[in-house]
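The values are calculated or read from the model by the stated rules, or taken from the named source; none is laboratory data. Model, not experiment: these values are computed from the prediction. All Cβ positions, even for glycine, are placed from backbone atoms using ideal geometry, and neighbour counts span all protein chains on display. Protein only, heavy atoms only, side chains kept; ligands, DNA and RNA dropped before computing areas. Shrake-Rupley method; radii C 1.70, N 1.55, O 1.52, S 1.80 Å.
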Amino acid sequence: MKNCENTIRPALESAFGESVHITDDAPDCRVTVPFERADRDAVTLWVMKQGETYTITDEGETYGMLYLSNINLNQERRMKRLRSIKQRFDLQKAKREVKLTATEDELGSRILDAIQAVQSISYLAWTRQKYTLNDFWSDVSDDITETGVYYT
């Protein structure tokens, strides 16, 4: 294929541009992007200007999702992962909310960092062990079958 740049870039810019929703959420700007967390909800961020810098936050939505999924962020292996994500994306906060700052020149790239951080942290939902519901009848039938007793 030839002219990759001329073919693909406009298509991506169009698709991405139409999928990003930016609304005023006084005093912040709410940005919803076409990327999803582990629970398949779209990533939503709030951007607020504070002096000469901008603060970008998820307002605790990622933490809320993990909390509702019964994910304990105080376990050492998860805390280690959070520290790694915090360092990788240069976050101010990573545990209760994803929060970072940016200058006007780096605002776009820092929003991308926030999106990736939200996704990375949300993937901690996959570290939860599966819980199976005990089925009394199955357990009893297994025990009876193992002893050689026929039942209906």
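Over the stretch 47-96, what is the relative contact order in whole percent, taking alpha-carbon pairs under 8 Å and six or more residues apart?
Over the stretch 47-96, the number comes to 24 percent.
Going highest first, how would you order 12-24, 52-64 by mean Cβ packing within 10 Å?
So the peptides 12-24, 52-64, ranked by packing, come out 52-64, 12-24.
Using a 1.4 Å probe on the protein chains only, how many percent of the accessible area of the chain belongs to carbon and sulfur?
50 percent
Enumerate the aspartates and glutamates that Lys95 could reach by cross-link, defined here as Cα to Cα under 20 Å, with residues fewer than 8 away along the same chain left out.
Reachable aspartates and glutamates: Glu36, Asp39, Asp41, Asp58, Glu59, Glu61, Glu76, Asp113.
Kindly rank 113-125, 34-46, 92-104 from highest to lowest mean number of other beta carbons found within 10 Å of each residue.
The densest-packed peptide leads the list: 113-125, 92-104, 34-46.
What is the pair-distance distribution P(r) of the chain, computed from all Cα-Cα distances in 5 Å bins starting at 0, with each bin given as a whole percent?
So the P(r) values, bin by bin, are 2, 8, 14, 16, 13, 10, 9, 6, 5, 4, 3, 3, 3, 2, 1, 0.
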